[in-house]
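Student: Have a look at this one.
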Amino acid sequence: MTFEGITATGKVYSLGNPLSVHITKGAGAPADELVGEFSWSNLPPLYRLRVLDGEKIIFYGLLDVQQERHSTKGDFVGVEVRSMAALLLDNEAVPQMYYSPPFSTVFSRHAAPYGFTQYQVPYGAVKIGDFTVTKGMSEWQVLESFCRRAWNAVPTMQDGDVFTIGKIEEEAPIVFGDLGLGQGCLSRTRTRREHERISEVLTRNPQNGRFTVSYKEEQALRDGIRRRRCMGTSQTADGRHVLDNARRKSLEYTWVLPGWLNIQPGRNAEINDRYFGHVESLTVWSVKYSLDAAGMVCSVTLRQSG
């Protein structure tokens, strides 16, 4: 792999072989992240960083932090980088009111100005009524809010720059375990986090100001979970999302495998394994690549779908 830094004028500098590097991609965050450390060289201020596998770009983004460190252990350069989707997080949207806008209009105003040109969303006209962009919302929050109202779904950035709603098209789920991506794995872990589960969401009645139960997680109640959240009137439409997100976070499977596996977050997955049995309806939630003197490993985290 080749690691290159790019100045504001477009001049390219080789960073050499990394002492360590971690690349993280997640379905729950639009921007991928890279944290790396290299042997020191006299570099100018860098503003972009790209990683190539042969001629293919596998990471490109904004350099947030460039750090030089000189110590008795040696001289080093550290970098912290986010993919270009970080522009949607860092920029505040202009407050405005829309009246039943199509998604194309929202995308053209809140994503296209930052260089994004591609999106994949469900077909068909969607009517969401009045849509307000309030002060303090980031461009990403505007896009995410529209998608939740229109399709009851959270968007992701696929392949670094394609705004996507829905699953990636695929013939079959990726199988992890003895019969799939498990042979030769370095470790596999199942983690339950009961403290993440929520049993009820209460919303406020705008007429009398009282909070009443709007959503219940029946399985959590049967399991003895008693943990509820209260939401304001403006948040009512997100109550089911709060429950679903809590349920997904409560159970994770992590596979650590050698080498670089080109797996995109959002892919359907299942487990067929001697330790964890057969588990269906999973989603690749995050993928983390780590490279150091010991070699490259890929850590894949799976969560429940839906």
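Student: Take the Cα gyration tensor of the stretch 42-101, multiply each eigenvalue by 5, square-root it, and list the three semi-axes largest first, rounded to whole angstrom.
Tutor: Values for the stretch 42-101, descending: 35, 17, 8 Å.
Student: Can you give me the Cα centroid spacing of the stretch 196-219 and the stretch 1-63 in angstrom?
Tutor: 45 Å
Student: So, one more: Write down the radius of gyration of the chain and its Dmax, each obtained from C-alpha positions, in Å.
Tutor: 21.9, 67
Student: Rounded to the nearest 500, what is the chain's calculated 222 nm mean residue ellipticity when only DSSP H runs of at least 4 contribute -39500 (n - 2.57) each, over all residues?
Tutor: Dividing the helical sum by the residues of the chain leaves -4000 deg cm²/dmol.
Student: Using only the Cα atoms of the stretch 77-225, each taken as one equal point scatterer with no solvent, compute I(q) by the Debye sum, divide by I(0), and report log10 of the ratio at q = 0.10, 0.11 Å⁻¹.
Tutor: Scattering profile of the stretch 77-225, log10 relative to I(0): -0.60, -0.71.
Student: If you place +1 on the Cβ of every Lys and Arg, -1 on the Cβ of every Asp and Glu, and leave all else neutral, what size is the dipole of the chain about its Cα centre, to the nearest 20 Debye?
Tutor: Working: 35 positive and 34 negative charges, 251 e Å.
I would put it at about 1200 debye.
Student: Would you mind counting up the charge near VAL297? Only other residues with Cβ under 15 Å from its Cβ, with Lys and Arg at +1 and Asp and Glu at -1.
Tutor: Within the 15 Å Cβ shell, the charges total +2.
Student: Sticking with this structure for a sec: Within 10 Å of each candidate Cβ there may be at most 13 other Cβ atoms; applying that plus a DSSP loop requirement, which trypsin sites (Lys or Arg not before Pro) in the stretch 1-66 survive?
Tutor: Within the stretch 1-66, the qualifying trypsin sites (Lys or Arg not before Pro) (loop, at most 13 other Cβ atoms within 10 Å) are LYS11.
Student: Per the Cauchy relation, a quarter of the hull surface: what is the mean projected area of the convex hull of the alpha carbons in the stretch 1-118, in nm²?
Tutor: That works out to 9.5 nm², a quarter of the Cα hull's surface.
Coordinate-derived values only; no laboratory data. As the structure is a computational prediction, the values presented were derived from the model and not from experiment. Glycine also receives a Cβ, built like all others from the backbone with ideal geometry; neighbour counts cover every protein chain displayed.
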